1. Filter the stretch 65-98 down to residues that are of a type outside the set (A, V, I, L, M) and crowded, with 17+ Cβ neighbours inside 10 Å, then give me how many there are.
2. Pick out the one residue from ARG163, ARG158 that is more than 18 Å from the chain's Cα centre (by Cα), of a type outside the set (S, T, N, Q), surrounded by fewer than 21 Cβ atoms within 10 Å (Cβ to Cβ) and modelled with pLDDT under 95.
3. Pick out the one residue from PRO212, PRO238 that is part of a loop (DSSP other than H, G, I, E, B) and open to solvent by less than 30 Å² (accessible area, probe 1.4 Å).
4. Do we find a residue being under 26 Å from GLN27 (Cβ atoms) and part of a strand (DSSP E or B) anywhere in the stretch 92-100?
5. Quick test of your reading of the structure: PRO24 fulfils all but one of (1) more than 25 Å from ILE134 (Cβ to Cβ); (2) open to solvent by 70 Å² or more (accessible area, probe 1.4 Å); (3) not in a loop (DSSP other than H, G, I, E, B). Name the failing condition by number.
6. If LEU258 satisfies every condition in (1) modelled with pLDDT of 90 or more; (2) at positive phi but one, which is the exception?
7. Restricting attention to the stretch 38-85, which residues are β-branched (Val, Ile, Thr) and in a loop (DSSP other than H, G, I, E, B)?
8. Need the failing condition index for THR4 against (1) assigned to a helix (DSSP H, G or I); (2) under 25 Å from THR139 (Cβ atoms), just the number.
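The values are calculated or read from the model by the stated rules, or taken from the named source; none is laboratory data. Please read all numbers here as calculations on a predicted model, not as lab measurements. Cβ coordinates were reconstructed from backbone atoms using ideal geometry, including for glycine residues, and neighbour counts include every protein chain displayed. Surface accessibility is based on the protein's heavy atoms, side chains included, excluding ligands, DNA and RNA. Shrake-Rupley method; radii C 1.70, N 1.55, O 1.52, S 1.80 Å.
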Amino acid sequence: MIVTVGELMWDLLAERGVPLERAPRLQPVVGGAAGNVALELASMGASVAVATAVSADPWGEALVGALSAAGVDVESIVRHPGRTGTVIIERTKAEHERYVSFRPDWGPSYPRLELPAAGSRLHIAAVDPDPSQIEVWITLATEMRRRGGLVVVDLNARTRAWRDQTAPVPGVRKLLGLTSLCKASDRDLELHRLAAAPAELATTARALGLPPTATLVVTRGGHPAQAVGPFGRVDRTPPPTALERSVGAGDAFCAYLLHHVGPAIPCSASTWGDLLEGAHAHAARRMALGAEEARP
């Protein structure tokens, strides 16, 4: 079973082609990195659970119900007294996509979480520098490693949260030290004040604190993605596509990798070439359709 941890929110989608200033109605769709990845995995037939915190209000319970209806195991979701997060998204041209974000609020400290007994792969989505949240995630990652399972982290840095950081905070380095696969965009690395150029990614992986055996995957929008690890470096260019939306593309890419890496990270350059091509194609297909229409 794959366990995904991180934000669980509502995406409120404006009608296609209508700017936010004139949108008469909004369509709620499960969002947040943990929700997006879990739904993608469920749509591919994977056994997946979400271990995260949601508000104990009706809006939070509706998130739990929507995930359960899609085949996601929700038994490890805990409730908190804070606010349910929402993101209001404009759907005009994908390259000009705009959104207004209200992040989840769980109170003074992040709730304690437990891994499902059957969990064998842990995906931690959207690393936030909140110390109490990072400590919970380190505990989960440590337990997954103790089980002999796989830990995958999507750096997915937030502009506001990370803008004053000059390097990863100590808790993040400790978390990444438990990681077998780290996925980041070039923008994530820039927000960490780390080199994003392809030729410097091996140095960047060390600066993040990744183990020598770990793999770092960096995406660059419509430009080639790289995988860097013990096998060297592999580059693959995404297929050209007309995007319906771009929010969620990284989550679709990451879900494909999670579904296909198996119980251990591959160490072959040719295998990583195939994985990057497959992940590019999956994300492009999802975003061309619009992620909410692509899911069953």
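1. 9
2. After ruling out the rest, the residue left standing is ARG163.
3. On the way: PRO212 fails: open to solvent by less than 30 Å² (accessible area, probe 1.4 Å).
After applying the criteria, what remains is PRO238.
4. Within the stretch 92-100, the subset under 26 Å from GLN27 (Cβ atoms) is 92-100.
In the following step, the residues that additionally are part of a strand (DSSP E or B) were identified as 99-100.
Checked against the condition, which is being under 26 Å from GLN27 (Cβ atoms) and part of a strand (DSSP E or B), the stretch 92-100 yields at least one hit.
5. Just one mismatch for PRO24, condition (3).
6. The failed condition is (2).
7. Hits for the stretch 38-85 are THR52, VAL72, VAL74, ILE77, THR84.
8. (1)
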